[in-house]
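Take a look at the structure set out below.
The values are calculated or read from the model by the stated rules, or taken from the named source; none is laboratory data. These figures come from a predicted structure and were not determined experimentally. Here the Cβ is made from the backbone with ideal geometry for all residues, glycine too, and neighbour counts use every protein chain on show.
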Amino acid sequence: MVGAPAIVNNILPVTLSLVNDPIPNIRFNVAKALERMIPSLAPTHKAVLDQQVKPALERLAADQDPDVRFFAAQALHRTAAFRPPCQSQERHC
């Protein structure tokens with residue numbers, strides 16, 4: 001398994017550069033790749049998830065291609081699974 005530093009420094013930048021690729025199969029594979037990175041990033045790189053991975057997945061979730069939307073939504077669901085429970089009384093977590 002590749003560690004979080006290698007993902008953040010080497011793999012993630014290349015993957016994120018393909019979010020706007022004109023080929024839908026590339027974009028849905030970006031969503032799938034981001035989903036696979038989430039478990040490695042979640043414990044120690046929450047800011048990367050919130051500032052880079054999640055926005056990319058949200059963009060892909062609004063894609064014109066249904067397959068891209070499907071895989072992006074699946075990956076977004078996985079990001080939610082790695083969120084700590086909300087501690088706020090107001091539930092704005």
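Figures for the structure shown
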quantity	calculated
Flag for I38 being of a type in the set (A, V, I, L, M), modelled with pLDDT of 95 or more and assigned to a helix (DSSP H, G or I)	no
Answer from A80, A47, A33 - the residue that is assigned to a helix (DSSP H, G or I), of a type in the set (G, A, S) and surrounded by 16 or more Cβ atoms within 10 Å (Cβ to Cβ)	A33
Residues (aliphatic (A, V, I, L, M) and either in contact with a Phe, Trp or Tyr (Cβ under 7 Å, 6 or more places away or on another chain) or more than 25 Å from P5 (Cβ to Cβ) (or both)) located in the stretch 24-71	I26, A31, I38, A42, A61, A62, V68
Residue tally, condition under 20 Å from S17 (Cβ atoms) and either free of Cβ contacts under 8 Å to residues at least 40 places away in the same chain or assigned to a loop (DSSP other than H, G, I, E, B) (or both), over the stretch 50-68	11
Identity of the residue in the stretch 1-30, in contact (Cβ under 8 Å) with a residue 24 or more places away in the chain, outside any helix (DSSP H, G or I) and among the β-branched types (V, I, T), that ends up farthest from A61 (Cα to Cα)	V2
Filtered residues of the stretch 1-12 (kept if loosely packed, with under 13 Cβ neighbours inside 10 Å and either under 12 Å from the mean Cα position of the chain (by Cα) or of a type in the set (S, T, N, Q) (or both))	N9, N10
V53 being surrounded by fewer than 16 Cβ atoms within 10 Å (Cβ to Cβ) and among the aliphatic types (A, V, I, L, M)	no
